[in-house]
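Remarks on the structure that follows.
Where a number appears in this text, it was derived from the coordinates with a stated rule and is not lab data. Every value quoted in this text rests on a predicted model; they were computed, and no experiment measured them. Note that we place each Cβ from the backbone using ideal geometry, even for glycine, and neighbour counts take in every protein chain shown.
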Amino acid sequence: MNRLAFLPLAALLAAPAIAAPETYVIDGNHTLPRFSYSHLGYSIQMSRFDRATGKIVYDADAEAGSVEVQIDMASVDTGSQAFNEHIQGPDFLDTAAWPTATFKSTAVRFVRGAPAAVEGNLTIKGVTRPVTLTVSSFQHMMHPMLKKDAIGATATTTIKRSDFNAGKYAPLVGDEVTITIPVEAIRQ
């Protein structure tokens, strides 16, 4: 048999593997979106949501990816059961009619090999607006306890709650709300 016939096969086997996009599932124990706002100018109130799900697709070689996050709005935790119920009402989150908020990316921007910003659409109370999440930290490594590939980041954006039909008492209670999403996700 002709040795030249095997050369293309040998070259293919010797070629470096091209990395493909990987899917990571959000770890709900370590992904607790937070929000903060001015309360009558006295203080900055900080609250969180205790349940979030979603997935992240990440391709380090192509510097590409996507993000989908769903937040259970009824899982809001303000530190006060009475205020949790108040903020879930129609003047604010209206969780009976709109139990879930979502973020779906449209672009991920990289700087020096790491995600720096995620552009996408945020939907709260049925209203969808474009937002940009600024990524202030990013980590991609083997999870030391789970022994699986994992990624993590902290991303922040500021919205006007009145843009999402949640503007009761604005501007006394701050219209600007800072949303911070610390996220960890495990590769599937």
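Summary of values
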item: Taking region 20-187 and dividing mean pair separation by its residue count, relative contact order in percent (alpha carbons under 8 Å, at least six apart); result: 25
item: Computed over region 46-106: relative contact order in percent, which uses C-alpha pairs under 8 Å that are six or more apart; result: 36
item: Among Gln88, Gln70, Gln139: highest mean-square fluctuation, GNM of the chain, C-alpha pairs under 10 Å; result: Gln139
item: 5 angstrom amide H check on Glu22, placed H, neighbours 5+ away; result: Tyr58, Asp59
item: Student exercise, the chain dipole from Lys, Arg, Asp, Glu Cβ charges, in Debye to nearest 20; result: 340
item: Reach of Lys148 by Cα under 17 Å, taken over lysines that are not fewer than 8 positions away in the same chain; result: Lys55
item: Gain upon complete extension [Gln139, Ala170; 0.36 nm per residue less C-alpha separation]; result: 7.4 nm
item: Of Arg34, Arg112, Arg48, the one that fluctuates the most in a GNM where the chain has Cα springs shorter than 10 Å; result: Arg112
item: (1) 28, 22, 18; (2) 33, 26, 12; (3) 42, 16, 14, with the label sought being that of the calculated semi-axes √(5λ) of the Cα gyration tensor in Å; result: (3)
item: Under 16 Å from Lys160, Cα to Cα: lysines that are on another chain or at least 8 residues apart; result: Lys125, Lys168
item: Residue-averaged 222 nm ellipticity for the chain, from DSSP H runs of 4+ at -39500 (n - 2.57), nearest 500; result: -2000 deg cm²/dmol
item: Positive-end residue of Gly174, Val127, Ala117, charge dipole of the chain with Cβ unit charges; result: Ala117
item: Centre separation in Å (Cα based) which lies between region 50-117 and region 118-159; result: 8
item: Residue exposure sequence - Val57, Val76 - by fewest surrounding Cβ within 10 Å; result: Val57, Val76
item: Choice from Glu68, Glu85, Glu119 showing the highest fluctuation, given a GNM over the chain with Cα pairs closer than 10 Å; result: Glu85
